[in-house]
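Visitor: I'd like to ask you about the structure that follows.
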Amino acid sequence: MSGLYENEMKLEFVSKSNNEAFARIAVAAFASQLDPTIEELADIKTAISEAVTNCIIHGYENTKGIIKIVSKIFANTLEVEISDTGKGIENIELARKPLYTSKSNIERSGMGFTIMESFMDDVNIESVVGLGTKITMRKIIKKVDPQEEDKMLDVAELGGR
Amino acid sequence: MNSVFLERDKTLLVEITEEIDHHAAEKLRRKIDESITRYMPRKVVFDFNKVSFMDSAGIGMIIGRYKMVNMIGGTVQMKNVRTSIRKIFEMSGVAKIIPIIDIRAS
């Protein structure tokens, strides 16, 4: 197994909402060795934030549990596995549906999985009711030719940031 | 978050100054609702200039405030929304209900 990927990291943290920012920033820092664009990095951070939030409010329903992240790099692909040992998803098809939420009372939009799917190249959901959920996401970081990158940076600067 | 009420235009300007995720949304929601109830604005403008990150928690947060302002007969706008956040508003259909009033790069 270990010969298949070039780098790997593991994180374990308590399911507290202030760890959402910690998790996405940690994974983004790990991913940065693939030289992603600002946009790719924003996509990764958003997808991680969605998955970790799901563990906290759905998996553990705001009780204390452990969230585990394993991230690997293979060539130009980032793989991130986010898992909890919470209550699991009864109907994965339904959970994936845009705008479906089991928590509309707390203003959840039901867009979490839709965002993960559109911001990452591949999203896999494994879940067993009563045992937990594991989300595996992959994103291919495109190689940018240095001249194109300079142009993109110029545009970004003109935009004020 | 900072908010300013312009008495003459009955407009509430809400400058969001933090990353918007599930953790931040709860507190933001409370603070914004307080301002809305206090001023009963005719228009609420959310300024996203200092928002460097937002996930789907922002969708629920903004739509919830939109419903509230709508109920008291007001309108809502968003400005200075960067591309990564605009994508989320467009994908979820929020941008169709709440106008984003400028174009900004990155």
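All of the numbers you see were taken from the coordinates with simple rules; none came from a lab. All of these numbers come straight from a predicted model, not from anything done at the bench. Heads up, the Cβs are rebuilt from the backbone with ideal geometry, glycines too, and the neighbour counts pull from every protein chain shown.
Visitor: Would you mind giving the average projected area, over all directions, of the Cα convex hull of the range A:2-158 in nm² with one decimal? If you can, show how the numbers build up before the last one.
Guide: Working: hull surface 41.4 nm².
Computed as one quarter of the Cα hull surface, the answer is 10.4 nm².
Visitor: Looking at the range A:1-71, which GluC sites (Glu not before Pro) are DSSP coil and have at most 16 other C-beta atoms within 10 Å of their C-beta? If you can, show how the numbers build up before the last one.
Guide: On the way: sites: A:Glu6, A:Glu8, A:Glu12, A:Glu20, A:Glu39, A:Glu40, A:Glu50, A:Glu61; in loops: A:Glu6, A:Glu61.
Listed in order of number, the matching sites are A:Glu6, A:Glu61.
Visitor: Apply 1/(1 + (r/R0)^6) to the Cβ-Cβ distance of B:Met71 and A:Asn62, taking R0 = 25 Å, and write down the FRET efficiency to the nearest 0.05.
Guide: On the way: r = 28 Å, r/R0 = 1.13.
After rounding, the FRET efficiency stands at 0.30.
Visitor: Taking 31 Å as the cut-off for C-alpha to C-alpha distance, list the pairs among A:Lys103/A:Lys142; A:Lys103/B:Lys87; A:Lys45/A:Lys103; A:Lys142/B:Lys67; A:Lys16/B:Lys43; A:Lys103/A:Lys143 that go past it. Could you put the intermediate results ahead of the total?
Guide: Numbers: A:Lys103/A:Lys142 36 Å; A:Lys103/B:Lys87 23 Å; A:Lys45/A:Lys103 23 Å; A:Lys142/B:Lys67 40 Å; A:Lys16/B:Lys43 35 Å; A:Lys103/A:Lys143 39 Å.
Pairs exceeding 31 Å: A:Lys103/A:Lys142; A:Lys142/B:Lys67; A:Lys16/B:Lys43; A:Lys103/A:Lys143.
Visitor: Next question, about the same structure. Let me have the 222 nm mean residue ellipticity of the protein assembly as shown computed from DSSP H runs of 4+ only, each contributing -39500 (n - 2.57), with the sum over all residues rounded to the nearest 500.
Guide: Values: 9 runs with 102 residues, N = 267.
Helix-only estimate at 222 nm: -11500 deg cm²/dmol.
Visitor: From the square roots a ≥ b ≥ c of the eigenvalues of the alpha-carbon gyration tensor of the protein assembly as shown, which class results: rounded (a/c under 1.5), prolate (a/b over b/c), or oblate?
Guide: oblate
Visitor: Under 8 Å for C-alpha pairs, at least 6 residues apart: give me the relative contact order for chain B, rounded to a whole percent.
Guide: 25
Visitor: Let me check against my output: what whole-number percent is the relative contact order of the range A:2-158, with C-alpha pairs under 8 Å and at least 6 apart?
Guide: Details: 273 pairs, mean separation 38.5, N = 157.
It comes to 25 percent, rounded to a whole number.
Visitor: Moving on to the next point. In terms of Cα to Cα distance under 14 Å, which aspartates and glutamates are near enough to A:Lys97, apart from those fewer than 8 places away along the same chain?
Guide: Leaving aside aspartates and glutamates fewer than 8 places away in the same chain, those within reach of A:Lys97 are A:Glu117.
Visitor: Within the range A:48-92, name every residue whose backbone N is under 15 Å away from a label modeled 7 Å from Cα of A:Asn124 along the Cβ vector.
Guide: So the set is A:70-74, A:78-83.
Visitor: Compute the length gained on full extension between A:Ile106 and A:Gln33: take 0.36 nm times their separation in residues and subtract their Cα-Cα distance, giving the result in nm to one decimal.
Guide: On the way: separation 73, 0.36 × 73 = 26.28 nm, distance 3.69 nm.
Full extension from A:Ile106 to A:Gln33 adds 22.6 nm.
Visitor: Sort A:Ile125, B:Ile72, A:Ile115 so that the residue with the fewest other Cβ atoms within 10 Å of its own Cβ comes first and the one with the most comes last. Write out the running numbers ahead of the final one.
Guide: Values: A:Ile125 19, B:Ile72 11, A:Ile115 25.
Listing A:Ile125, B:Ile72, A:Ile115 from fewest to most nearby Cβ atoms yields B:Ile72, A:Ile125, A:Ile115.
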